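S.K.: To start, I am sharing the structure in question, which I have written as structure tokens.
The values are calculated or read from the model by the stated rules, or taken from the named source; none is laboratory data. Everything quoted here is computed from the prediction, not taken from an experiment. With ideal geometry, Cβ positions are generated from the backbone for all residues, glycine too; neighbour counts draw on all protein chains shown.
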């Protein structure tokens, strides 16, 4: 594959990139730590080529969300979003052998810091996008307009009961398909060249189907005053780097990086619950760690003694497959400074934006066809967006 990509550029004078498919069912071969699936140990050539040709990763799509798994992130109450893991060779083995760590995006970002410390290059320094992975040529990733993976799962009274796959971990039914996702690109103009350039520099983000807007910048001198503009991007670019970039060198006297994040709801969608910043870092002991920070939220909620923000509430009317925007906020934004920054530790930061609960596609199907909701199917969901990370390099 690498030879083909190289030949394409040499013979055409063009530019090419590859987008890695969601790895949540890869049986542990998507993001290995030390060796490839065939046993060959990582070397400088491998890690350099991987990030050169694969600058983006599909973190969410129709076959499950690939950000993280509750087993990997037990302290993250939003970790279990449309998780698919029953297709693994053996889920008990996957957990005990740390197989799952090789399948999810957040863990890959953490592993990339470890590999960089050993080999000098981070092969998993990728931007994040979403895609549908549907085979219908239809851009129908919204819960209220979900046409399934292929023609066998288009809207019908029986599609939720079809078995999708069976594995050692169990069977996945049709209702477990995920109405996801979309790739969002911050380009200088709506042209093929500008879109490709933006993807190559990783100025992209993923959504699970909503068309919400998210801006995320990192620097050393953002202030709250910088958010008092209806166009925060001007200050964002002027004083720092956008999503997908590396923080500039730490200025003398700067204690910690600051991040400016802003989100506007989907014009036809749900209000916003909260904005979170997910941090991963490589500790002095060589072990990676992660932390999720609530940085902006709707209403007058306060973080409790357990460090958690109370739920936003739920207005979903299951019987009528409806909801109201009487909770949440139409926009959220803040400037956040890392309170736990250590200048000697490599780290990444990405923003995760959570919407208020809305009806899941299976709830819409039940209402439209007058059928019961299958046992085990959630009645509501909280759509979200994931930005590409910003990296700090000591």
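Each row is one residue, and each column tells you yes or no for (1) outside any loop (DSSP other than H, G, I, E, B); (2) at pLDDT 95 or above; (3) on the phi > 0 side of the Ramachandran plot.
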{"position": "319", "(1), (2), (3)": "yes, yes, no"}
{"position": "326", "(1), (2), (3)": "no, yes, no"}
{"position": "366", "(1), (2), (3)": "yes, yes, no"}
{"position": "375", "(1), (2), (3)": "no, no, no"}
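S.K.: If you don't mind, another one. Is one or more of the residues making up the stretch 180-197 at pLDDT below 95 and either within 22 Å of residue 78 (Cβ to Cβ) or in contact with a strand residue (DSSP E or B) (Cβ under 8 Å, 6 or more places away or on another chain) (or both)?
M.R.: Checked the stretch 180-197: at least one residue is at pLDDT below 95 and either within 22 Å of residue 78 (Cβ to Cβ) or in contact with a strand residue (DSSP E or B) (Cβ under 8 Å, 6 or more places away or on another chain) (or both).
S.K.: Now a separate question. On the basis of being part of a strand (DSSP E or B), surrounded by 13 or more Cβ atoms within 10 Å (Cβ to Cβ), under 25 Å from the mean Cα position of the chain (by Cα) and without any contact (Cβ under 8 Å) to a residue 24 or more places away in the chain, does residue 273 make the cut? Full working, then the answer.
M.R.: Details: part of a strand (DSSP E or B): yes; surrounded by 13 or more Cβ atoms within 10 Å (Cβ to Cβ): yes; under 25 Å from the mean Cα position of the chain (by Cα): yes; without any contact (Cβ under 8 Å) to a residue 24 or more places away in the chain: no.
No.
S.K.: Shifting gears a bit: Does at least one position in the stretch 258-269 carry a residue that is under 17 Å from residue 333 (Cβ atoms), touching a residue at least 12 places away in the same chain (Cβ under 8 Å) and in contact with a helix residue (DSSP H, G or I) (Cβ under 7 Å, 6 or more places away or on another chain)?
M.R.: yes
S.K.: Suppose we filter 307, 284 for residues that are surrounded by fewer than 15 Cβ atoms within 10 Å (Cβ to Cβ) and in contact (Cβ under 8 Å) with a residue 60 or more places away in the chain; which single one remains?
M.R.: Working: 307 fails: in contact (Cβ under 8 Å) with a residue 60 or more places away in the chain.
Step by step, each of 307, 284 is checked, and only 284 is surrounded by fewer than 15 Cβ atoms within 10 Å (Cβ to Cβ) and in contact (Cβ under 8 Å) with a residue 60 or more places away in the chain.
S.K.: Quick one: residue 373 ticks every box in (1) more than 20 Å from the chain's Cα centre (by Cα); (2) under 24 Å from residue 223 (Cα atoms) bar one, so which box is it?
M.R.: All conditions pass for residue 373, except number (2).
S.K.: In the stretch 1-21, which residues are touching a strand residue (DSSP E or B) at 6+ places or on another chain (Cβ under 6 Å) and either loosely packed, with under 10 Cβ neighbours inside 10 Å or modelled with pLDDT of 90 or more (or both)?
M.R.: Across the stretch 1-21, the qualifying residue is only 19.
S.K.: Continuing with this model, one more query. Of the residues 214, 185, which is closer than 24 Å to residue 125 by Cα, buried (at least 16 other Cβ atoms within 10 Å of the Cβ) and in contact with a helix residue (DSSP H, G or I) (Cβ under 6 Å, 6 or more places away or on another chain)?
M.R.: Details: 214 fails: in contact with a helix residue (DSSP H, G or I) (Cβ under 6 Å, 6 or more places away or on another chain).
Of the residues listed, the single one that is closer than 24 Å to residue 125 by Cα, buried (at least 16 other Cβ atoms within 10 Å of the Cβ) and in contact with a helix residue (DSSP H, G or I) (Cβ under 6 Å, 6 or more places away or on another chain) is 185.
S.K.: Further question on the same structure: Under 9 Å between Cβ atoms, which residue pairs at least 6 apart in sequence (or on different chains) link something in the stretch 93-111 that is modelled with pLDDT of 95 or more with a partner that is in a helix (DSSP H, G or I)?
M.R.: Listed pairs, sorted by first residue: 107/100; 107/101; 108/101; 108/102; 110/101; 111/101; 111/102.
S.K.: Looking at 244, 280, 236, can you tell me which residue is at pLDDT 95 or above, part of a helix (DSSP H, G or I) and touching a helix residue (DSSP H, G or I) at 6+ places or on another chain (Cβ under 9 Å)? So that I can check it myself, show each step before the final result.
M.R.: Working: 244 fails: part of a helix (DSSP H, G or I); 280 fails: part of a helix (DSSP H, G or I).
Sole residue among the options that is at pLDDT 95 or above, part of a helix (DSSP H, G or I) and touching a helix residue (DSSP H, G or I) at 6+ places or on another chain (Cβ under 9 Å): 236.
S.K.: Which of the residues spanning the stretch 229-244 are touching a strand residue (DSSP E or B) at 6+ places or on another chain (Cβ under 6 Å) and touching a residue at least 24 places away in the same chain (Cβ under 8 Å)?
M.R.: 232, 236, 241, 242, 243, 244
S.K.: Name the one entry in 28, 14, 23 that is assigned to a loop (DSSP other than H, G, I, E, B) and over 23 Å from residue 288 (Cβ atoms). Break it down into steps so the answer makes sense when it comes.
M.R.: On the way: 28 fails: over 23 Å from residue 288 (Cβ atoms); 23 fails: over 23 Å from residue 288 (Cβ atoms).
That would be 14, the only listed residue that is assigned to a loop (DSSP other than H, G, I, E, B) and over 23 Å from residue 288 (Cβ atoms).
S.K.: Within the group 174, 152, 148, 170, which residue is within 26 Å of the chain's Cα centre (by Cα), at pLDDT below 95 and surrounded by fewer than 14 Cβ atoms within 10 Å (Cβ to Cβ)?
M.R.: Numbers: 174 fails: surrounded by fewer than 14 Cβ atoms within 10 Å (Cβ to Cβ); 152 fails: within 26 Å of the chain's Cα centre (by Cα); 148 fails: surrounded by fewer than 14 Cβ atoms within 10 Å (Cβ to Cβ).
None of the others qualify; the one that does is 170.
For every residue, the table says whether it meets (1) more than 18 Å from residue 123 (Cβ to Cβ); (2) modelled with pLDDT of 90 or more; (3) buried (at least 19 other Cβ atoms within 10 Å of the Cβ); (4) in contact with a helix residue (DSSP H, G or I) (Cβ under 9 Å, 6 or more places away or on another chain).
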residue: 26; (1), (2), (3), (4): no, no, yes, yes
residue: 36; (1), (2), (3), (4): no, no, no, yes
residue: 41; (1), (2), (3), (4): no, yes, no, no
residue: 57; (1), (2), (3), (4): no, yes, yes, yes
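S.K.: Test residue 124 against the criterion of being part of a loop (DSSP other than H, G, I, E, B), at pLDDT 95 or above, in contact with a helix residue (DSSP H, G or I) (Cβ under 8 Å, 6 or more places away or on another chain) and within 18 Å of residue 22 (Cβ to Cβ), and give yes or no.
M.R.: Working: part of a loop (DSSP other than H, G, I, E, B): yes; at pLDDT 95 or above: yes; in contact with a helix residue (DSSP H, G or I) (Cβ under 8 Å, 6 or more places away or on another chain): yes; within 18 Å of residue 22 (Cβ to Cβ): yes.
When the stated conditions are applied, residue 124 passes them.
S.K.: Here's another thing I want to ask about it. If residue 205 satisfies every condition in (1) assigned to a loop (DSSP other than H, G, I, E, B); (2) surrounded by 17 or more Cβ atoms within 10 Å (Cβ to Cβ) but one, which is the exception?
M.R.: With respect to (1) assigned to a loop (DSSP other than H, G, I, E, B); (2) surrounded by 17 or more Cβ atoms within 10 Å (Cβ to Cβ), residue 205 is out only on (1).
S.K.: Output yes when any residue across the stretch 302-311 is more than 30 Å from residue 159 (Cβ to Cβ), touching a helix residue (DSSP H, G or I) at 6+ places or on another chain (Cβ under 6 Å) and modelled with pLDDT of 95 or more, and no when none is. So that I can check it myself, show each step before the final result.
M.R.: Filtering the stretch 302-311 for residues more than 30 Å from residue 159 (Cβ to Cβ) gives 302-311.
So of that shortlist, the ones also touching a helix residue (DSSP H, G or I) at 6+ places or on another chain (Cβ under 6 Å) come out as none.
Taking every residue of the stretch 302-311 in turn, none turns out to be more than 30 Å from residue 159 (Cβ to Cβ), touching a helix residue (DSSP H, G or I) at 6+ places or on another chain (Cβ under 6 Å) and modelled with pLDDT of 95 or more.
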